Amino acid sequence: MKKHINSPELVPASVSSTGQQIGTTPGATPRQPERKSLWQRYRLFALMLAINLILLIVLPETGVRSFELTGRNLLEMLSVLPPIFILLGLLDVWVKRETMVKYMGEHAGWIGVVIAYLLGSVAAGPLYAAFPVAGVLLRKGSRLSNVFIMLGAWSTTKIPLLLFEASAMGIKFTLLRLVLNVGGIAVIAFLSERFLSDAQKREIYSRAETHT
């Protein structure tokens, strides 16, 4: 029988319903996630920069356009991410892990699902801004499927986009698409959680601990 993701063997330093840390053998020192070096974190960025520089030398016109597009995207990210990180810092300080486990953890039930949908639907900003939020939710003890639901809602059921869609495509189309997306997001989230192996789940939680 498969072990549960929130069992002591799977999630490092989880919190039980009584508020006690679990995830390690009693008396043992909790295993800390291995932190990546600076090169491991930014090697993809360095590779893309090198490709752009080569492109600038070989095809100057294309290289210039590439750098211009990169600059615009960077400015957009800089305008979106700082407020997100400020909110994440407040969430990390104000919301206790026990509270997150209670309302979005393994045994939260439909409350966790509804909160996940609301978090994604009322959020602002592009989808890449959702991943730091997802990392904090995982580190605080949220159930994996609830984090998947939040990401799906962030990408497809945002309230401002629904209003724009209703005015452009009609209310009937919008409601039909919304119902299908809400159901589809839940199915995909629970199936993804179901079919992930224990090792893959441990890795996801470990990465959240390392990068947040």
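The values are calculated or read from the model by the stated rules, or taken from the named source; none is laboratory data. Computed from a predicted model, the values in this text were never measured in an experiment. Ideal geometry is used to build each Cβ from the backbone, glycine not excepted, and the neighbour counts take in all protein chains shown.
Quick notes on this structure:
- Neighbours by Cβ (under 8 Å, 6+ apart or cross-chain): first from the stretch 170-184, under 24 Å from Trp110 (Cβ atoms); second among the β-branched types (Val, Ile, Thr): Leu178/Thr157; Asn181/Thr156; Asn181/Thr157; Val182/Thr157
- Taking the stretch 119-140 as the range and being aliphatic (A, V, I, L, M) and under 10 Å from the mean Cα position of the chain (by Cα) as the test, the residues that pass are Leu127, Ala129, Ala130, Val133, Ala134, Val136, Leu137, Leu138.
- Within the stretch 137-167, the set of residues being hydroxyl-bearing (Ser, Thr, Tyr) and in contact with a Gly (Cβ under 9 Å, 6 or more places away or on another chain) comprises Ser142, Ser145, Ser155, Thr156, Thr157.
- Hey, Val182 under 22 Å from the mean Cα position of the chain (by Cα), assigned to a helix (DSSP H, G or I) and more than 23 Å from Gly125 (Cα to Cα) or not: no
- With respect to (1) surrounded by fewer than 17 Cβ atoms within 10 Å (Cβ to Cβ); (2) more than 26 Å from Lys201 (Cβ to Cβ); (3) not basic (Lys, Arg), the lone exception for Thr99 is condition (2).
- Verdict on Ile149 being in contact (Cβ under 8 Å) with a residue 12 or more places away in the chain and farther than 21 Å from Ser206 by Cβ: yes
- Residue list for the stretch 138-178, restricted to those being under 22 Å from Leu88 (Cα atoms) and in a loop (DSSP other than H, G, I, E, B): Lys140, Gly141, Ser142, Arg143, Thr157, Lys158
- Filter result for Ala153 (touching a helix residue (DSSP H, G or I) at 6+ places or on another chain (Cβ under 9 Å) and modelled with pLDDT of 90 or more): yes
- Consider the stretch 131-160 and keep the residues that are over 16 Å from Leu191 (Cβ atoms) and basic (Lys, Arg). The one that is surrounded by the most Cβ atoms within 10 Å (Cβ to Cβ) is Lys140.
- Considering only residues in the stretch 89-128 that are in a helix (DSSP H, G or I) and small (Gly, Ala, Ser), the one that is nearest to Gly152 (Cα to Cα) turns out to be Gly120.
- Looking only at residues in the stretch 52-61 that are part of a helix (DSSP H, G or I) and surrounded by 12 or more Cβ atoms within 10 Å (Cβ to Cβ), the one that is modelled with the highest pLDDT is Leu53.
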